[in-house]
Structure formats: C-alpha cells, structure tokens
Amino acid sequence: MHLPLLENFSQRMEGIFAYQSSEVDWCEQNFQYSDQVAEYYNTVSNAGFFICAPLMMYLLHPYAQERTLAVHFFCVMLIIVGLFSVYFHMTLSYLGQMLDELTILWIISVAYAIWFPRCHFPSFIKNRNHFITMVFITSSMSTLLSFVKPTMNAYALNCTTFHVLYMIMLELKKCTNPRIHRLAVVTVFWWVLAISCWISDRVLCEFWRGINFPYLHSFWHVLITITVVHSTALIMFFDAMHEIPECLPEVQYWPCNSWLVGVPYLALQSSRKLKDW
C-alpha cells in the first residue's frame, strides 16, 4: 500500500537532482564541451569566489578582530556561493538553482546583519540584536517564498542592489574622503558592467548566439565578484567609521597601496587593544 507513495517520492527526488530539471537556462549552449558539465564557461567562471574570499579573509583579519569575527563567516559564505553556483551551472538542476539562489539570499542577509548602520535602523528596532532577529525572520520568509516562483528569484535578488546603492549614497553625503568617493565610483562602474552582462544574457540571447558569443553570464560571474570585493570594502569603511572610528579605518589596496587598481580592503591604523594597553 505504501509502495506507490515511496515510488512517487523517489521520482520527485530524482527530478530535483536531475540534470536540466531547473526552469532557468542561461544563454550558453549546454554540454558543448563536456558530457558532465551543462554550461562550461558559466561553471569555471566562478573561480573568482575561491580566490577572492580567502584573500579577503586574510586581509580583513585585523578588522574582524576589532569589529566582529562574523566578517570571516561572510567570507566563508562567499566560498559557499561559489560552490553552489558551480553545482547549478554544471547540472542546471532544480536543487542546484535553489541552493545557488538561497545562499545568495542568505549572504545578503548576513551582510545586512553585520554592516547595516545603526543610525538607519527602523524606529521600532532598539539594538543590533533586534535588527538581526528582524533580518532572520525576513530572510526565512523570503526563503519560503522563493519556492513559489523560482524563475523570479534572480530578479528579486538583483533588486536588493538598489537599496544598497541608496544606503551608499546616504553615507557618501557625510564623507569628504576623496579616496572613498573614488572607490564608490569604481564600485558602481563594475556593478553597471556586471548587471549589463546579466540582463543582456537574458534578454538578447538570440543575438549573442547569432554571433557565436553566448558567454555574457560567465562575464557576470567575474564582474560581480570584482563588484563584491569593492563594495564590501566601501561598506566596511562606513561601518568602521560608525562603530570603531578610534581605530582610524582606511581603505588600502593589495598588493601595493599606491597602485589604486589592486584589491581594496579595510585596514586599521590603530587598535583598541593597543589603546587600552
């Protein structure tokens, strides 16, 4: 009697894991270079996450020690985002799509929980712990809603960028540091390039296939990784100016601070521990 139910459950589970079971399919031709990898370039273009996240963790360790070790957790989640993006584009499975999009949702939530300025908290929020609780509840509800119309998830996630840009604009109005204003311009520049590739891959796929260049989503992966590195450095600077200004935060560039074209990160010129000593 229970056998048909078990068979039905087994079939559903196989469907979730199955190759190309997702309704989302990007412009790149499937299985063009490998029988095991659905979208080859969309898969390998995630390498930036595995390079930048450990580097960020290393460069940001002094800031994490002074501010919160959750900064390291954010970097670990970047690696997880890269892993699930690889899995999704390798299989185009329903499970891969949901893991990819939900990890992005939750890394955005972690970023809000850590770095959203207290001065912009809603009036009913009394402290950061209350704000984290609100973020957790909102993200949990969004997780459930993401299963209603999965094809819309990527669009909804990209829309969060506009709120981030708005918050950056508010902070820039209070900042007179030309180095920070330059970083903001560069960050927006990389984001515009990234989102242009993402939209073009979705909307103009036939055109790109017509000229045999259906690889813009792989460019999106590279450009959004660069955007994340720049934007987090910018956001962390604003956070440090609010939370630990006595540490004299400063944006520097790796490997050489004088280049201004390397990897931006938040450096601290002083330490609260040294001051206490």
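Working from label points 7 Å from Cα in the Cα-to-Cβ sense, the Leu172 to Leu69 distance is 3.6 nm.
Centre-to-centre, using Cα atoms only, segment 30-69 and segment 174-212 are separated by 19 Å.
State the percentage of accessible surface on segment 194-251 attributable to carbon and sulfur atoms; use a 1.4 Å probe and exclude ligands, DNA and RNA.
On the way: 1620 of 2340 Å².
About 69 percent, which is the carbon plus sulfur part of the accessible surface.
Per-residue extension of 0.36 nm, minus the Cα-Cα distance of Ser196 and Tyr58, leaves a gain of 46.6 nm for this segment.
Determine the gain in length on full extension of the stretch Ile211-Gln36; use 0.36 nm per residue of separation and subtract their C-alpha separation, reporting nm with one decimal. Show your work: numbers first, answer last.
Numbers: separation 175, 0.36 × 175 = 63.00 nm, distance 2.55 nm.
Additional length available on full extension: 60.5 nm.
When both segment 133-148 and segment 221-236 are represented by their alpha-carbon centers, they are found 24 Å apart.
R0 = 35 Å: FRET efficiency of Val44 with Tyr155, Cβ-based, nearest 0.05? Working shown, then result.
On the way: r = 25 Å, r/R0 = 0.71.
Once rounded, the FRET efficiency stands at 0.90.
With a 1.4 Å probe and every protein chain left in place, work out the accessible area per residue of the chain in Å², rounded to a whole number.
Working: 15000 Å² over 277 residues.
On a per-residue basis, the chain sits at 54 Å².
Here the label points at Phe124 and Trp259, each 7 Å from Cα along the C-beta direction, are separated by 4.9 nm in the simple model. Rolling a 1.4 Å probe over the protein chains gives Lys173 an accessible area of about 150 Å².
Counting only helical runs of four or more DSSP H residues, what would the 222 nm mean residue ellipticity of the chain come to if each run contributes -39,500 (n - 2.57) and the total is spread over all its residues?
Details: 12 runs with 187 residues, N = 277.
Estimated from H runs of four or more residues: -22500 deg cm²/dmol.
When the alpha-carbon atoms of segment 43-87 are used, the pair Rg, Dmax equals 11.3, 36 angstrom.
Classify the chain: rounded, prolate or oblate, from the alpha-carbon gyration tensor (a ≥ b ≥ c, eigenvalue square roots; a/c under 1.5 rounded; otherwise prolate if a/b is larger than b/c)? Here the chain falls in the prolate category. Taking 4.7 Å between beta carbons as the limit, the unpaired Cys residues of the chain are Cys52, Cys75, Cys119, Cys159, Cys175, Cys197, Cys247, Cys256.
With helices defined as uninterrupted DSSP H runs, which ones in the chain have an alpha carbon span along their own long axis of at least 27 Å and mean Kyte-Doolittle hydropathy of at least -0.5? Intermediate values should be presented prior to the final figure.
Numbers: long enough: 70-91 (31 Å, 1.96); 94-115 (32 Å, 1.19); 153-173 (32 Å, 0.71); 178-203 (37 Å, 0.93); 216-243 (39 Å, 1.03).
Helices meeting the span and hydropathy rule in the chain are 70-91, 94-115, 153-173, 178-203, 216-243.
Using Cβ point charges alone (K and R +1, D and E -1), the dipole size of segment 175-277 about the Cα centre works out to roughly 120 debye. Would you kindly find the accessible area of Asp35, with a 1.4 Å probe and non-protein molecules such as ligands, DNA and RNA excluded, rounding to the nearest 10 Å²? Answer for Asp35: close to 130 Å² accessible. Using a probe of 1.4 Å, the accessible surface attributed to Phe213 totals some 80 Å² when neighbouring protein chains are kept in position.
The values are calculated or read from the model by the stated rules, or taken from the named source; none is laboratory data. Just so it is clear, the model here is predicted, and its values are computed rather than measured. Note: ideal-geometry Cβ built from the backbone for every residue, glycine included; neighbour counts use all protein chains shown. For the accessible areas, the whole protein counts, side chains as well, though only heavy atoms, and no ligand, DNA or RNA atoms are used. Shrake-Rupley method; radii C 1.70, N 1.55, O 1.52, S 1.80 Å.
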